[in-house]
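Peer 1: Pasting a structure here, questions to come.
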Amino acid sequence: MYARQNNDDARTPNIPDEDRRKHFLEASDIPQEVKPKLLEWCDKILSGSPFFEDIGKWDNVRNTVENLNISECYNCKKIAVWVHKSMVYPETRMGPKPNVDLPTDILRDYEEARSIVNVSPRGAAALLRLAVQKLCAHLGERGKNIDEDIASLVGKGLDPLVQQALDIVRVIGNEAVHPGTLDIRDDQNIAIQLCELVNLVCQQIITQPKAIRSLYDKLPEGKRTAIESRNAKALNLNT
C-alpha cells in the first residue's frame with residue numbers, strides 16, 4: 001500500500017456525482033475522444049466500489065485505487081478508512097442511543113441497525129421494522145403481521161401518535177425490503193429518524209407505564225386499596 005497526501009487545495013477526495021457526469025458529457029471544452037474514458041471513470045466512481053485506475057508509471061506506482069481513501073483525524077491522529085463516501089473503519093454507530101427499556105432481543109436489532117446506517121440505510125430500516133414487529137409481540141400481539149398487530153393495539157386504545165410512529169417504521173421498513181414508490185437507498189436521515197421513532201414508541205408504551213407503576217406501587221397500601229375499591233364501584237355502575 002502507498003499513501004499520498006492530498007494538497008492543501010484539495011484536502012478531500014474529488015468524488016463526482018450525477019451532475020458532474022452530466023457536465024462532462026455536455027462540456028464543449030472536453031475533446032470528444034476523451035469523453036468515453038472520462039464517463040467510464042465517473043460510472044465506476046458512482047458505483048461505490050473500489051477499483052484500480054491505471055495512471056501510467058509515476059513514482060514507481062502503476063495504479064491508484066479509486067473509491068478507497070484514508071483520512072487522519074486532526075485531533076487524535078488515528079486513521080479512518082473510507083469506501084466511496086462511507087466510513088467503513090472504525091465502525092460507526094449512527095442515530096440515537098437505544099432506550100434503556102428496549103427488551104434485549106429488540107435492543108440487538110436496534111444496535112445492528114445503528115451500526116449499518118452509514119453503509120446500508122435500507123438494511124437499517126428493515127431491521128427497525130423487525131424491531132417494531134417484536135415490540136408488538138412484547139405487548140401481547142401475535143407478532144406475525146405488523147399491520148394486524150397495530151390494528152389490534154388501536155382497538156385496545158393505543159395512542160394515535162404512537163400508532164402513527166409504528167406505521168411509519170412499518171411502511172418504510174417494508175419498502176426497504178420490497179422497494180416500491182419510496183427509495184431510501186442513500187438516505188441515512190430517514191434511517192436515523194426511524195431509530196428515533198422506535199425509541200419514542202418504547203418511551204410511550206414501556207418506559208412511561210413502567211415509571212407510573214413504580215410510583216403507584218410506592219403509595220401506602222391503604223390508599224391503593226381505596227383507589228381499587230373506587231374503580232371497582234365505578235365499573236359496576238357503568239355495567
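Peer 1: How large, in percent, is the carbon and sulfur part of the accessible surface of the chain at a probe radius of 1.4 Å?
Peer 2: The nonpolar share, carbon plus sulfur, comes to 52 percent.
Peer 1: How long is the stretch 112-151 along each principal axis, judged by its Cα atoms, biggest number first, in Å?
Peer 2: Rounded to whole Å, the extents work out to 33, 15, 11 Å.
Peer 1: Let me ask something additional. Restrict the search to the stretch 11-44; then list the GluC sites (Glu not before Pro) that DSSP places in a loop and that have at most 12 other Cβ atoms within 10 Å of their Cβ.
Peer 2: GLU33
Peer 1: Here's another thing I want to ask about it. Give the accessible surface of the chain per residue, rounded to a whole number of Å², with probe radius 1.4 Å and ligands, DNA and RNA excluded. Walk me through the numbers before you get to the answer.
Peer 2: Working: 16110 Å² over 239 residues.
The answer is 67 Å² per residue.
Peer 1: With each run of n ≥ 4 DSSP H residues scored as -39500 (n - 2.57), what mean residue ellipticity at 222 nm is computed for the chain after dividing by its residue count and rounding to the nearest 500 deg cm²/dmol?
Peer 2: Helix-only estimate at 222 nm: -16500 deg cm²/dmol.
Peer 1: Longer than 22 Å from Cα to Cα, which of LYS210/LYS233; LYS156/LYS223; LYS134/LYS156 are they? Say none if no pair is.
Peer 2: LYS210/LYS233; LYS156/LYS223
Peer 1: Name the residue from ILE15, ASN189, ILE168 whose Cα lies farthest towards the positive end of the charge dipole of the chain, charges +1 on Cβ of Lys and Arg and -1 on Cβ of Asp and Glu.
Peer 2: With unit charges placed on the Cβ atoms, the residue in question is ILE168.
Peer 1: Roughly how many whole Å is it from the C-alpha centroid of the stretch 1-53 to that of the stretch 136-198?
Peer 2: 40
Peer 1: Something else: Just the accessible area for CYS136, please: 1.4 Å probe, Å², rounded to the nearest 10?
Peer 2: Counting only protein heavy atoms, the figure is 0 Å².
Peer 1: On to the next question. Of [x] 37; [y] 57; [z] 30, which one was derived for percent of Cα pairs over 27 Å apart from the structure shown?
Peer 2: For percent of Cα pairs over 27 Å apart, the calculated option is [y].
Peer 1: Moving to a separate point now. Counting only other residues whose beta carbon sits under 15 Å from that of CYS42, what net charge do I get with K and R as +1, D and E as -1?
Peer 2: Values: positive: ARG20, ARG21, LYS22, LYS35, LYS37, LYS44, LYS85; negative: ASP17, GLU18, ASP19, GLU26, GLU40, ASP43, GLU53, GLU66.
Neighbourhood net charge equals -1.
Peer 1: Regarding the stretch 165-227, what is the average projected area of its C-alpha convex hull, in nm²?
Peer 2: Dividing the Cα hull surface by four gives the mean projection, 5.6 nm².
Peer 1: Could you pull out the pairs from LYS44/LYS77; LYS44/LYS78; LYS22/LYS44 whose alpha carbons sit more than 25 Å apart here?
Peer 2: Violating the 25 Å Cα-Cα cut-off are LYS44/LYS77; LYS44/LYS78.
The values are calculated or read from the model by the stated rules, or taken from the named source; none is laboratory data. Computed from a predicted structure; not experimentally measured. Heads up, the Cβs are rebuilt from the backbone with ideal geometry, glycines too, and the neighbour counts pull from every protein chain shown. For the accessible areas, the whole protein counts, side chains as well, though only heavy atoms, and no ligand, DNA or RNA atoms are used. Shrake-Rupley method; radii C 1.70, N 1.55, O 1.52, S 1.80 Å.
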